[in-house]
Amino acid sequence: MKKLIIILIVLGFQYSTIQGQEEKKKKATLAVKVIQNSVAGFSTLFLGGFETNKNFDITFYSMFWTNPSFGTPESGSDQLLETGIGLGFKLMDGKLFLNPGVGFAHGKFFSDVAGTKIGEAVIPNTFVAYHNSIFDIEAYLAYYKSLRDRDDISTKDLLLFWAAPGINVSDRLVLGGFFEELAFMNLENDDVNKNIQVYRYLGGSVKLKLDNGMAFRFSAGANLVTDVGASDEFYKVSAFIPF
């Protein structure tokens, strides 16, 4: 009887150990990325993900734009907030990460509404990253489509694209280029200029890879095109901090 009890205890312990090991394989991650852009100002981006038993992870993000002009300038309220979910695919032995997703914008940035509106715009988006011993490449594309289309409300859509291709100079340093453009699309209140280029950046980029997955990037250069009088030069700085 004692042997049977001991065997059952051992088997139970082994089962719980195996279960614990399987659970440890399914990681949940969270990181914050703080960004300062010479046109858009300061913003905070939260990124997270859940591992699954399939060939993709479930990802989510939330981004808060603190620029008062992205809401009600007089009070700084009703500002633009993004929330979204996606799927993260790790390909080519983990060197390539593809993360298509869909987000929603909240606030009053994309239409002439009075006060905050939840789900003011839908944001199909894709993030791509490729990292190996030579290349360090990241890119992002998003289209902000207004959901508040009405005859008595002026609306606008937004296109955002950026790319940062780089070369690993060392384990810590990446040198490369940087391109980013932001444009208003399909403006409802302008029959002549349906699209307005806010900026089109082209310059260089320096990325520092720190411990525990942290990274710091500084980019600067020329603003090639603007229809709104943005400065001829730009800068963008970001810090990526995983928890």
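The values are calculated or read from the model by the stated rules, or taken from the named source; none is laboratory data. Everything numeric here is computed off the predicted structure, so don't read it as measured data. In this analysis, Cβ positions are derived from the backbone assuming ideal geometry, glycine residues included, and neighbour counts consider all displayed protein chains.
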Within the range 142-158, the count of residues that are of a type in the set (A, V, I, L, M, F, W, C) and under 14 Å from the mean Cα position of the chain (by Cα) comes to 1
message = When you scan the range 189-200, do you find a residue that is at pLDDT 95 or above and more than 27 Å from F104 (Cα to Cα), even just one?
response = no
Conditions (1) at pLDDT 95 or above; (2) farther than 23 Å from M63 by Cα -> L141 fails only (2)
R148: passes all of (1) surrounded by 15 or more Cβ atoms within 10 Å (Cβ to Cβ); (2) touching a residue at least 24 places away in the same chain (Cβ under 8 Å); (3) part of a strand (DSSP E or B); (4) of a type outside the set (D, E) but (3)
(1) surrounded by 19 or more Cβ atoms within 10 Å (Cβ to Cβ); (2) within 12 Å of the chain's Cα centre (by Cα); (3) touching a residue at least 40 places away in the same chain (Cβ under 8 Å) all hold for S43 apart from (3)
Counting only residues that are over 19 Å from L158 (Cβ atoms), part of a strand (DSSP E or B) and either touching a helix residue (DSSP H, G or I) at 6+ places or on another chain (Cβ under 9 Å) or not aliphatic (A, V, I, L, M) (or both), the range 62-100 contains a total of 6
Among residues of the range 151-160 being hydrophobic (A, V, I, L, M, F, W, C) and buried (at least 16 other Cβ atoms within 10 Å of the Cβ), the residue farthest from A114 (Cα to Cα) is L160
Those residues of the range 120-141 which are more than 18 Å from the chain's Cα centre (by Cα) and of a type outside the set (S, T, Y) amount to E120, N132, I134, F135
Condition (residue is among the hydroxyl-bearing types (S, T, Y), closer than 24 Å to F60 by Cα and under 21 Å from the mean Cα position of the chain (by Cα)) applied to the range 192-203: is it met by at least one residue? no
So, first residue within 19 Å of V32 (Cβ to Cβ) and hydrophobic (A, V, I, L, M, F, W, C) in the range 215-232, second residue assigned to a loop (DSSP other than H, G, I, E, B) and at pLDDT 95 or above, Cβ within less than 7 Å, six or more apart or across chains; the pairs are F216/L210
